[in-house]
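Right, one structure below, let's go through it.
The values are calculated or read from the model by the stated rules, or taken from the named source; none is laboratory data. Note that the structure is a prediction, hence the values are computed from the model and not measured. Quick reminder, even Gly has a Cβ in these numbers, built from the backbone with ideal geometry, and neighbours come from all protein chains shown.
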Amino acid sequence: MYRHLGASPTHPRRSAGRRRLTALGAVGALVLLASCGGNDSASPTSSASPTSSAAVTTGSTAQATGEATGTTGATTDAAPATAGGSTEAAAGGEVTLVTHDSFNVDKKVLADFEAESGITVTVLAQGDSGAMVNQLVLTKDNPLGDVVFGIDNAFASRALDAGVLAPYTSGLLADGAGKYAVDDTDRLTAVDYGDVCVNVDHRWFAEKKIPEPVTFEDLAEPQYKDLLVTPSPATSSPGLAFLLATVAHFGADGWPAYWQSLKDNGVKVTSGWSDAYSVDFSGSSGKGARPLVLSYASSPPYEVTEGMTEAPTGALLDTCFRQVEYAGVLAGAKNPAAAGKVVDFLLSQAFQQDIPTQMYVYPVSGSVDLPADWVKYATPAKDPATLPPAEITANREAWIQQWSDLLEG
């Protein structure tokens with residue numbers, strides 16, 4: 001029977017916000033990332049917003065502390081798993097799924113998988129994506145579980161370099177996941193994606209008779225002075241995505257000047273997404289003073305109320321950064337065969353169909369139907385900004401520190 005250890009997901013995830021994160025410390029030391037909750041765990045309210053009905057089993061988990069000493073390019077001695085399962089363990093039995101605090105799945109969808117597979121799934125929440133990867137590295141020699149979900153492209157290379165994952169090739173890869181592959185080792189399998197973009201309050205701009213901005217460059221124009229609010233990349237996952245978007249768009253040498261122009265143009269920076277979206281954004285229930293906010297391309301449907309024929313907000317699709325979430329079998333898993341079956345489950349039609357309403361991101365599968373309001377109001381970006389995961393890993397902390405010195409120094 002499905003069990004959930006740690007924080008129980010009680011909010012609809014990422015219709016506009018992600019989990020909080022804290023930047024890693026100076027070279028040679030690793031500061032544990034902040035866990036889920038706080039500012040970034042909220043999202044726009046909606047009568048259709050589901051919550052998890054899974055029971056919570058209280059239990060203790062090993063909380064490693066200290067320095068992470070994973071070696072770049074490390075390899076694993078674990079036997080590779082395959083679509084047919086490892087020869088070391090038969091499918092079935094118990095599996096611990098290590099994930100972030102925002103993981104959510106329909107109770108019946110998971111129960112059906114357990115009944116069909118004979119696998120009992122225990123979900124072990126480990127904070128945000130960065131905190132989770134940190135824990136996987138620190139517990140590499142005594143892994144927390146068998147399979148992981150929720151490593152995103154901002155932390156993928158760190159997990160790969162530390163050797164915490166074993167190769168696994170799912171037979172369902174052909175259905176859309178392959179195009180998001182990080183490398184050719186089959187250690188991470190894409191499950192979902194989301195586009196972090198600036199959102200706009202259509203009604204505010206219509207009433208003020210000001211044209212809406214479209215591009216990154218527009219946001220720094222004088223007519224949009226004091227209109228943009230964004231969470232900090234040092235304390236917010238969406239905020240980090242926006243910083244990465246500007247690096248991708250303006251280049252490693254050009255993004256600081258752009259952020260200086262945003263600072264000069266009155267950008268407001270908050271610690272987390274919920275303050276930015278729910279308090280400062282004029283297009284949300286908070287009815288704040290700023291009509292431009294960093295959020296997600298999937299946010300607008302959740303501002304549509306009964307009787308509306310158009311969404312009152314929209315996403316500026318030329319300002320998006322694509323976040324991709326991955327799953328993988330953990331090196332040293334006690335039950336690698338069943339862990340591979342869980343990866344297959346995450347790519348299955350049932351789970352992929354469930355992703356938008358449970359975790360408010362897009363499924364990687366191209367064969368599932370999105371909710372009708374997503375089709376109308378939550379179009380993903382056609383050409384989102386991206387960066388190679390290895391480049392993000394190599395520069396992430398330096399970029400965050402440079403941003404902090406510029407905006408907060």
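A few points about this structure:
- Residue in segment 167-177 that is assigned to a helix (DSSP H, G or I), farther than 23 Å from residue 346 by Cβ and touching a residue at least 60 places away in the same chain (Cβ under 8 Å) present: no
- Of residues in segment 240-274 being in a loop (DSSP other than H, G, I, E, B) and either touching a residue at least 24 places away in the same chain (Cβ under 8 Å) or farther than 17 Å from residue 318 by Cβ (or both), the one nearest to the chain's Cα centre (by Cα): 272
- Taking the criterion of being farther than 25 Å from residue 193 by Cα, in contact with a strand residue (DSSP E or B) (Cβ under 6 Å, 6 or more places away or on another chain) and not assigned by TED's automatic domain parsing to the domain that holds residue 142, the residues of segment 281-340 that qualify are 282, 288, 290, 291.
- Residue within segment 389-407 that is outside any helix (DSSP H, G or I), modelled with pLDDT under 95 and either outside the structural domain of residue 109 (by TED's automatic domain parsing) or of a type in the set (Phe, Trp, Tyr) (or both) present: no
- Taken as a whole, segment 104-120 holds no residue that is more than 18 Å from residue 345 (Cα to Cα) and either assigned to a helix (DSSP H, G or I) or of a type outside the set (Asp, Glu) (or both).
- Per-region count, segment 189-227, residues crowded, with 24+ Cβ neighbours inside 10 Å and under 22 Å from residue 311 (Cα atoms): 9
- The listed residue being surrounded by fewer than 24 Cβ atoms within 10 Å (Cβ to Cβ) and not assigned by TED's automatic domain parsing to the domain that holds residue 390, out of 141, 146, 152: 141
- For segment 218-239, the criterion of being of a type in the set (D, E, K, R), without any contact (Cβ under 8 Å) to a residue 12 or more places away in the chain and not in a loop (DSSP other than H, G, I, E, B) is satisfied by at least one residue.
- Filter pass, residue 406 being more than 21 Å from residue 180 (Cβ to Cβ) and out of contact with any Lys or Arg (no Cβ under 6 Å at 6 or more places or on another chain): yes
- Selected residue (criterion: farthest from residue 215 (Cα to Cα)) from residues of segment 275-330 that are in contact with a helix residue (DSSP H, G or I) (Cβ under 7 Å, 6 or more places away or on another chain) and assigned to a helix (DSSP H, G or I): 275
- Residues in segment 276-287 that are within 15 Å of residue 299 (Cα to Cα) and touching a residue at least 24 places away in the same chain (Cβ under 8 Å) were compared, and the one that is surrounded by the fewest Cβ atoms within 10 Å (Cβ to Cβ) is 285.
- Per-region count, segment 178-216, residues under 19 Å from the mean Cα position of the chain (by Cα), part of a helix (DSSP H, G or I) and not basic (Lys, Arg): 2
- Test: residue in segment 129-144 that is closer than 30 Å to residue 226 by Cβ and more than 17 Å from the chain's Cα centre (by Cα): no
- Here residue 311 does not fit the description of being aliphatic (A, V, I, L, M) and modelled with pLDDT of 95 or more.
- Restricting attention to segment 331-361, the residues that are touching a Lys or Arg at 6+ places or on another chain (Cβ under 6 Å) and either more than 14 Å from residue 374 (Cβ to Cβ) or assigned to a helix (DSSP H, G or I) (or both) add up to 1.
- Odd one out for residue 135, checked against (1) in contact with a helix residue (DSSP H, G or I) (Cβ under 8 Å, 6 or more places away or on another chain); (2) in contact (Cβ under 8 Å) with a residue 12 or more places away in the chain: (1)
Residue by residue, here is whether (1) surrounded by fewer than 24 Cβ atoms within 10 Å (Cβ to Cβ); (2) touching a His at 6+ places or on another chain (Cβ under 9 Å); (3) among the aliphatic types (A, V, I, L, M); (4) within 25 Å of residue 360 (Cβ to Cβ) holds:
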{"residue": "229", "(1), (2), (3), (4)": "no, no, yes, yes"}
{"residue": "234", "(1), (2), (3), (4)": "yes, no, yes, yes"}
{"residue": "258", "(1), (2), (3), (4)": "yes, yes, no, no"}
{"residue": "261", "(1), (2), (3), (4)": "yes, no, no, no"}
{"residue": "296", "(1), (2), (3), (4)": "no, no, no, yes"}
{"residue": "312", "(1), (2), (3), (4)": "yes, yes, no, yes"}
{"residue": "315", "(1), (2), (3), (4)": "no, no, yes, yes"}
{"residue": "322", "(1), (2), (3), (4)": "no, no, no, yes"}
{"residue": "329", "(1), (2), (3), (4)": "no, no, yes, no"}
